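Here is the structure we will look at, set down as structure tokens.
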Amino acid sequence: MQNHKKGNIYIISAASGTGKTTLVSRLLKNHDDIRVSISHTTRQPREGEAHGVHYHFVPKEEFESLIEQRAFLEHANVFGNYYGTSIAGVNSLSEEGYDVILEIDVQGAAQVRKSLPEASSVFILPPSFEVLAQRLIGRGTDSEEVIQTRLSKARHEIEQSVLFDYVVVNDDLDRAEADLFHIIKAGRLKKSSQQGFISNLLENS
Ligand code: 5GP
């Protein structure tokens with residue numbers, strides 16, 4: 001990294017099917033100073049998902065032991081499976097100077113807002129509820145029952161967008177990615193992020 005200041009933390013949430021994962025993948029591909037925290041989960045890998053890349057896939061017993069060891073910044077039960085964000089994982093990326101994205105659900109977002117108030121939060125909205133339903137069905141990875149559960153949860157999750165600092169509408173992938181990047185860029189210009197530079201400037205005045 002070209003500078004050694006700590007990276008900022010960004011919570012990114014959305015109702016499932018909003019295209020959040022695609023959006024974040026594109027952002028990571030285009031900006032090598034932004035990283036995503038790889039969560040732990042007890043759910044089964046989907047086709048094409050790799051351990052340590054998309055998630056750390058762990059058995060329930062191991063996840064519960066990590067909860068006891070207080071290894072998680074937040075953890076939640078989403079659709080019957082545990083998901084959690086490792087404190088050590090986030091800290092090491094941030095210490096290395098990367099801006100860190102936590103791609104987590106609204107329950108996890110509420111926990112991080114409390115324990116890490118300096119983190120910024122972004123909620124990604126679908127352009128409409130119809131588009132959301134189409135995306136969930138078209139994805140073809142989940143059973144009918146899972147899709148129905150996700151849809152009924154989506155409205156409740158979208159209502160919680162008012163608790164977030166920023167809202168980005170994912171109607172156009174390029175524009176939504178640019179919006180997300182501008183939020184992160186603005187974070188780097190906050191005076192809290194520039195403290196090292198300011199001190200250095202004054203010391204050498
Ligand atoms: P999926 O199983 O489709 O990958 O993710 C289901 C939901 O769990 C998504 O809303 C995703 O953002 C959320 N999720 C993924 N990782 C974490 C995590 O570490 N903590 C929490 N609270 N939610 C997570």
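The values are calculated or read from the model by the stated rules, or taken from the named source; none is laboratory data. Please read all numbers here as calculations on a predicted model, not as lab measurements. Methodologically, a virtual Cβ is constructed for each residue, glycine included, from the backbone with ideal geometry; neighbour enumeration extends over all protein chains shown. Areas reflect the complete protein model, heavy atoms only, side chains present, ligands, DNA and RNA absent. Shrake-Rupley method; radii C 1.70, N 1.55, O 1.52, S 1.80 Å.
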For segment 116-182, which GluC sites (Glu not before Pro) are both in a DSSP coil and crowded by at most 14 other Cβ atoms within 10 Å?
E118
Could you work out how far helix 106-115 tilts from the main Cα principal axis of the chain, as a 0 to 90 degree angle to the nearest 10?
30
For segment 39-155, with every protein chain kept in place, what is the accessible area per residue (1.4 Å probe, Å²)?
53
Answer rounded, prolate or oblate for segment 99-182, using the Cα gyration tensor with square roots of eigenvalues a ≥ b ≥ c: rounded when a/c is under 1.5, else prolate when a/b is larger than b/c, else oblate.
oblate
The ³J(HN,Hα) series, computed from each phi in segment 36-43 with the Karplus coefficients 6.51, -1.76 and 1.60 at θ = phi - 60°, rounded to the nearest Hz and given as x for glycine or proline, is 9, 6, 7, 6, 9, 8, 9, 6
Show log10 I(q)/I(0) for the chain at q = 0.12 Å⁻¹, two decimals, from a solvent-free Debye sum over equal Cα scatterers.
-0.64
Roughly to the nearest percent, how much of the accessible area of segment 154-205 is carbon and sulfur, given a 1.4 Å probe?
56
Trypsin sites (Lys or Arg not before Pro) within segment 120-205: which are DSSP loop residues with at most 11 other Cβ atoms inside 10 Å?
K191
In degrees between 0 and 90, to the nearest 10, how far off the longest principal axis of the chain does helix 173-188 point, with axes built from Cα atoms?
40
With a cut-off of at most 15 other beta carbons within 10 Å, and DSSP calling the residue loop, which chymotrypsin sites (Phe, Trp or Tyr not before Pro) in segment 53-104 qualify? Please list them.
F79
Under 15 Å from the Cα of K60 - aspartates and glutamates, other chains or at least 8 residues apart
E68
Going by alpha carbons, how many degrees (0 to 90, nearest 10) lie between the helix axis of 144-159 and the longest principal axis of the chain?
40
